[in-house]
Amino acid sequence: MFRSRRKRVNAANQAILQTSRLFSEIWGDAELVENGDVRFSNLPSTLHGLTAIQSWQRQLLGGTMTVNLCLERKIDWTGRSELRFSNGKFKRKGDSGMSQRLMDQLHADTSLMAELRRLDLGGLTIFLSDGKATVTLTPYGGGLAFLALPPLQYSVAYPPDQVKITASALERMEQIISGQKGSESNSITH
């Protein structure tokens, strides 16, 4: 049993590294760190600290490992709220004027919204909690699927045509959250 788990972890590490390398032209070399996350060597200042992390979902006879692109930013706000992208727009969970203002700014950026609608997303959330905004973008593809019986695992390909759109959308969201987006938005930290 241990051997098959170790093989699964190694396959997952290779899958996340392979997916991350698709971004190397934009974000530099992808390096797998000890815990299975991937860091990039040449991120633009707007995406400083971006990490590709693994997320596991186990089921009775198998499961999946997905790739999540995660970015954290400090904000001047206390409280908790969550924005989730679904059906072509953001929806808000939690009662906060701050999250409503951020959601309005995201929706006002028509280029960003068009890019997000073009992406094949498994999920996109922006979690606001006590001075921190965490963006987690989960694309379809790029991970690993496995079955216990019969023992089977395979990498799920990430569409290369989604790479530039994904990178651009992450940068635009970061700029809105950080308040660096010019006249289209103001910082959510005010």
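The values are calculated or read from the model by the stated rules, or taken from the named source; none is laboratory data. The model shown is predicted, which means the values in this text are computed figures rather than measured ones. Here Cβ is always computed from backbone atoms with ideal geometry, including for glycine, and neighbour counts include all displayed protein chains. To get the accessible areas, we keep the full protein, side chains included, count just its heavy atoms, and leave off ligands, DNA and RNA. Shrake-Rupley method; radii C 1.70, N 1.55, O 1.52, S 1.80 Å.
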query = When residue 78 is evaluated against the numbered criteria (1) open to solvent by 40 Å² or more (accessible area, probe 1.4 Å); (2) within 30 Å of residue 15 (Cα to Cα); (3) in contact (Cβ under 8 Å) with a residue 40 or more places away in the chain, which criterion, by number, is the only one it fails?
reply = (2)
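Could you identify the single residue in 46, 51, 64 that is open to solvent by less than 50 Å² (accessible area, probe 1.4 Å), among the hydroxyl-bearing types (Ser, Thr, Tyr) and modelled with pLDDT of 95 or more?
After ruling out the rest, the residue left standing is 51.
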request  = Name the residue, out of 73, 39, that is over 30 Å from residue 146 (Cα atoms), surrounded by 15 or more Cβ atoms within 10 Å (Cβ to Cβ), under 15 Å from the mean Cα position of the chain (by Cα) and not hydroxyl-bearing (Ser, Thr, Tyr).
outcome  = 73
request  = Quick one: which residue in 17, 83 is closer than 18 Å to residue 143 by Cα, within 17 Å of the chain's Cα centre (by Cα) and surrounded by 13 or more Cβ atoms within 10 Å (Cβ to Cβ)?
outcome  = 17
task = Being surrounded by 15 or more Cβ atoms within 10 Å (Cβ to Cβ) and among the aromatic types (Phe, Trp, Tyr) is the filter; apply it to the range 118-171 and report the residue that is farthest from residue 73 (Cα to Cα).
result = 146
message = Looking at the range 20-36 only, could you name the residues that are in contact with a Lys or Arg (Cβ under 7 Å, 6 or more places away or on another chain), in a strand (DSSP E or B) and open to solvent by less than 100 Å² (accessible area, probe 1.4 Å)?
response = 30
